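Single-structure report; data block below.
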Amino acid sequence: MNTETRPEAGEWLPIFIRLAGQPVLVAGGGVEARRKIDRLLKHGAQVDVLANMLEAPLDEYRRQSRIRRIEALPSSSTGYRLVIVATDDERLRRAALAFAAEHAIPVNAVDDPDNCTAILPAIVDRAPITIAIGSAGTAPELARMIRSRIETLLPQTLGPLARLASELKDSIRHRFPSLPRRRRFLGWLFRDAPAEAMQAGDPSRARALAARALEDSGFDTGGSVALVGAGPGDPELLTLKALRLIQEADVIIHDALVDARILDYARRDADFIDVAKRGGKCSTPQLRINNLMLSHARAGRRVVRLKGGDSMVFGRGGEELEFLRTHEIEYSVVPGITAAAGCAAYAGIPLTHRDHAHSVHLVTAHGKDSIDRLDWASLARENQTLAFYMAVARLSDLQANLRAHGQPASTPVAIVENGARPEQRVLTGRLDRLHDLAVRHSVASPAMVYVGEVARLADRLGWYGSPPLSLECDSPKLTATA
């Protein structure tokens with residue numbers, strides 16, 4: 001082999017070694033050795049420790065017979081499957097490396113990649129599912145960072161589901177002899193009703209659902225709908241469950257307020273159905289949306305109904321659940337950060353504050369009927385925060401009604417346009433000039449409107465994007481933080 005030619009896949013072949021019941025030698029009795037020993041014991045290895053002394057808790061491990069301390073290396077390999085060198089003692093280190101080389105035993109030397117013939121990767125443990133991340137010894141901290149990212153994506157119930165599938169494998173093969181149907185069933189097992197039961201902490205129900213499906217000669221994997229809140233904009237505000245369902249979805253029915261970056265998380269082969277209202281055009285009728293969810297779910301597809309903010313806060317989530325329940329479609333709900341909370345946080349506006357606001361009112365100002373039905377007398381009281389959704393087109397009415405019911409003209413207001421997105425703008429002022437503020441700066445939807453003393457804090461506590469604008473200036477206020 002030409003040693004100057006770099007192997008196409010690198011020099012390290014990822015491989016798993018069964019260590020349960022097998023002898024392993026660790027050189028070192030300190031903190032780093034203990035970390036390695038803890039991993040080895042977890043996987044059932046029989047550990048011999050070559051060390052002059054054992055620090056706590058390794059000495060306790062020895063007294064409990066969990067490990068064996070040796071004072072000198074044996075003359076033969078004694079069947080060691082792996083040698084780990086985790087010591088600053090140069091004499092021990094050289095002796096252990098020479099022993100491994102003499103007996104052709106794979107060796108891992110901590111912080112010494114040049115003397116390694118084996119690497120202990122960063123591990124994501126969902127036993128029996130195990131994911132190993134290695135960096136060829138060049139960047140172990142990066143490998144650990146990648147492990148942390150993967151950890152957040154994989155539910156803890158993955159291992160129990162894998163064991164359930166293993167227990168049922170013969171029944172699954174018998175019930176679904178064709179590979180495509182078997183794969184569909186396993187997809188249902190790992191993602192739908194049994195998986196949801198397992199995540200809810202009910203493994204007995206998960207097992208019962210799977211067993212009942214295998215016994216039912218007419219069973220076929222049905223579809224489902226998940227109402228998923230996408231939050232106000234920033235993709236990193238998605239919950240882990242929302243991200244997983246988006247990545248697994250066959251169909252995503254989404255609104256205009258869903259940030260395009262969130263849709264990029266979906267599978268490339270997923271179907272995207274835009275039911276948004278744009279440019280003054282008629283929005284997709286709710287009945288049409290309901291029927292889309294119904295038809296795709298009945299076709300056995302996993303549907304995500306994806307909405308900006310939270311689907312259960314001014315998102316018609318309740319209406320859609322009632323429709324799905326009536327038509328016996330399996331569904332779930334994943335809450336998102338509602339726009340009132342998300343936009344306020346990104347603008348530096350605390351919705352409650354001991355000095356200024358003891359309650360929060362979430363209000364929709366969409367449409368004339370909504371405006372007319374509001375209890376303006378209650379909304380105009382002191383020591384509370386008003387958060388108005390869908391209010392841009394009704395700011396003059398909002399302003400007039402609050403003033404007519406006693407809200408002081410000097411009450412602070414804030415408008416957060418495109419909250420939690422790169423193009424976010426925050427505008428601050430006073431209630432009697434709210435409409436003028438929006439007109440002066442050409443405010444457009446989506447935008448949240450806040451009324452109350454806490455709105456004033458955006459000038460001082462804002463942290464994301466450009467500092468706030470006011471009616472009097474075209475440039476950002478210098479008192480805010482970028």
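Each reported figure results from applying straightforward, stated rules to the coordinates on display, with no laboratory input. Keep in mind that this is a model prediction, so the values were computed, not measured. Virtual Cβ from ideal backbone geometry, glycine too; neighbours counted across all protein chains shown.
Arranged from highest to lowest average of other beta-carbon atoms within 10 Å per residue, in what order do the peptides 402-409, 432-439, 207-214 appear? Display every interim value, and only then the final one.
Values: 402-409: 15.2, 432-439: 19.1, 207-214: 17.0.
Order by mean packing, descending: 432-439, 207-214, 402-409.
Defining a contact as two alpha carbons under 8 Å apart and six or more residues distant in sequence, what relative contact order in percent does the chain show? Can you show the working numbers first?
Numbers: 863 pairs, mean separation 41.5, N = 482.
RCO, the chain: 9 percent.
Mind ordering 238-250, 38-50 by average Cβ neighbours within 10 Å, highest first? Working shown, then result.
Details: 238-250: 19.5, 38-50: 17.8.
With the highest mean Cβ count within 10 Å placed first, the list reads 238-250, 38-50.
What GluC sites (Glu not before Pro) in region 4-93 are in a loop by DSSP, with at most 10 other Cβ atoms within 10 Å of the Cβ? Display every interim value, and only then the final one.
Numbers: sites: E4, E8, E11, E32, E55, E60, E71, E90; in loops: E4, E8, E11, E55, E71.
Listed in order of number, the matching sites are E4, E8, E11, E71.
Go through 318-330, 301-313, 254-266, 455-467 and give me the packing order, highest mean Cβ count within 10 Å leading. Kindly include the intermediate steps, with their values, before the conclusion.
Details: 318-330: 14.9, 301-313: 24.6, 254-266: 17.6, 455-467: 19.5.
Going by the mean number of other Cβ atoms within 10 Å, highest first, we get 301-313, 455-467, 254-266, 318-330.
Any chance you could list the semi-axes, whole Å, largest first, of the equivalent ellipsoid that the Cα gyration tensor gives for region 158-215, using √(5λ)? Walk me through the intermediate numbers first.
Working: eigenvalues 68, 23, 19 Å².
Taking √(5λ) for each eigenvalue gives 18, 11, 10 Å, largest first.
Could you tell me what fraction of 2.2 N^0.38 Å the Cα radius of gyration of region 109-252 comes to, as a two-decimal ratio?
On the way: Rg = 19.1 Å, N = 144, 2.2 N^0.38 = 14.5 Å.
Relative to the 2.2 N^0.38 Å estimate, region 109-252 comes out at 1.31.
Output the antiparallel fraction of DSSP beta bridges having both residues in region 159-318, as a percent to the nearest 5.
Values: 1 of 15 bridges.
The antiparallel fraction comes to roughly 5 percent.
Under the Kirkwood approximation applied to all pairs of distinct alpha-carbon atoms, what is the hydrodynamic radius of region 255-341 in Å?
Values: mean 1/r = 0.0713 Å⁻¹.
Taking the inverse mean of 1/r over all distinct Cα pairs, region 255-341 comes out at 14.0 Å.
Placing one identical point scatterer on every Cα of region 340-461 and ignoring solvent, what is log10 I(q)/I(0) from the Debye formula at q = 0.16, 0.19, 0.21 Å⁻¹?
Result of the Debye calculation: -0.66, -0.97, -1.22.
How big is the convex hull of the Cα atoms of region 106-183, per residue, in Å³? Intermediate results must be reported in sequence, preceding the final value.
On the way: hull volume 10.5 nm³, N = 78.
For region 106-183, the hull spanned by Cα atoms encloses 135 Å³ per residue.
Among P422, A127, A365, whose Cα lies farthest out toward the positive end of the dipole of the chain, if unit charges sit on the beta carbon of Lys, Arg (+1) and Asp, Glu (-1)?
It is A127.
Charges only on Cβ, +1 for Lys and Arg, -1 for Asp and Glu: so what's the dipole of region 23-120 about the Cα centre, in debye to the nearest 20? Don't skip to the answer; put the middle values down first.
Values: 14 positive and 14 negative charges, 94 e Å.
Here the size comes out at about 460 debye.
Hey, can you grab everything whose amide H is under 5 Å from the amide H of Y331? Only 5+ residues off in sequence or another chain; H modelled, so Pro and N-termini drop out.
The answer is V225.
Suppose we keep just the DSSP beta bridges with both residues in the chain; what percent of those would be antiparallel, to 5? All intermediate terms of the calculation are to be shown ahead of the outcome.
Details: 21 of 62 bridges.
Bridges in the chain that DSSP calls antiparallel: roughly 35 percent.
Over region 224-337, what is the relative contact order in percent, taking alpha-carbon pairs closer than 8 angstrom and at least six residues apart? Could the numbers behind the result be given before it?
Numbers: 216 pairs, mean separation 50.6, N = 114.
Relative contact order of region 224-337: 44 percent.
Helix-derived [θ] at 222 nm for the chain: sum -39500 (n - 2.57) over DSSP H runs of at least 4, divide by residue count, nearest 500? It would help to have the intermediate numbers written out before the result.
Details: 19 runs with 171 residues, N = 482.
Helix-only estimate at 222 nm: -10000 deg cm²/dmol.
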